[in-house]
Amino acid sequence: MFLIATIDPILRSHLQRILTEEEFLLLEEGDNIIEAVFYHQPSELILDLYMSHPSGLDILRQLRTQGYGGKVVVLGGQSTQSLTSEALRLGALQIVGRPFTVNQVLGAAGVVTH
């Protein structure tokens, strides 16, 4: 199972339409992402660095501090370049920069679409 937390409603919509054979959970800003990760125990997390309260980086930092050891792919962009080194230090396996396609996000997570 994997968990996707993003501020992008269009990305969430596309993922929901495409991911018909995968077990996943889509979250948006304002959802309690940290609680959801520990409740659902996803093997992989796709996390948007553009989350603001708390930030995506703060979420990742808290998850790692609290012992989450799953794979993490972060969604970043031009304005988050300074955050990417910290995300990598915190164990992000890959950073997908904006603009990106749904297939790039899923490919980074190792999900094959048909």
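The values are calculated or read from the model by the stated rules, or taken from the named source; none is laboratory data. Since this is a predicted model, take the numbers as computed values, not measurements. Quick reminder, even Gly has a Cβ in these numbers, built from the backbone with ideal geometry, and neighbours come from all protein chains shown.
Listed values, structure above:
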| item | result |
| --- | --- |
| Which listed residue is farther than 16 Å from ARG98 by Cβ, crowded, with 17+ Cβ neighbours inside 10 Å and in contact (Cβ under 8 Å) with a residue 12 or more places away in the chain, from LEU19, LEU11, LEU15, LEU47 | LEU19 |
| Residue within the stretch 50-66 that is touching a residue at least 40 places away in the same chain (Cβ under 8 Å), under 19 Å from ALA92 (Cβ atoms) and part of a loop (DSSP other than H, G, I, E, B) present | yes |
| Near pairs, Cβ below 8 angstrom, 6+ apart or cross-chain, from the stretch 90-111 (assigned to a loop (DSSP other than H, G, I, E, B)) to any residue that is aromatic (Phe, Trp, Tyr) | ALA109/PHE2; VAL111/PHE2 |
| The one condition in (1) modelled with pLDDT of 90 or more; (2) in a helix (DSSP H, G or I) that PRO42 fails to fulfil | (2) |
| All positions within the stretch 99-114 that are surrounded by 15 or more Cβ atoms within 10 Å (Cβ to Cβ) and in contact with a helix residue (DSSP H, G or I) (Cβ under 9 Å, 6 or more places away or on another chain) | PHE100, VAL102, VAL105, LEU106, VAL111 |
| Condition broken by GLY110, with the remaining ones in (1) at pLDDT below 80; (2) out of contact with any Pro (no Cβ under 9 Å at 6 or more places or on another chain); (3) farther than 16 Å from PHE2 by Cβ satisfied | (3) |
| Qualifying residues in the stretch 72-90 (those that are touching a Lys or Arg at 6+ places or on another chain (Cβ under 8 Å) and either under 15 Å from MET51 (Cα atoms) or surrounded by fewer than 11 Cβ atoms within 10 Å (Cβ to Cβ) (or both)) - the one modelled with the lowest pLDDT | GLN78 |
| Subset tally (residues that are assigned to a loop (DSSP other than H, G, I, E, B) and at pLDDT below 90) for the stretch 1-27 | 7 |
| Subset of the stretch 39-54 [over 15 Å from VAL105 (Cβ atoms) and touching a helix residue (DSSP H, G or I) at 6+ places or on another chain (Cβ under 8 Å)] | MET51, PRO54 |
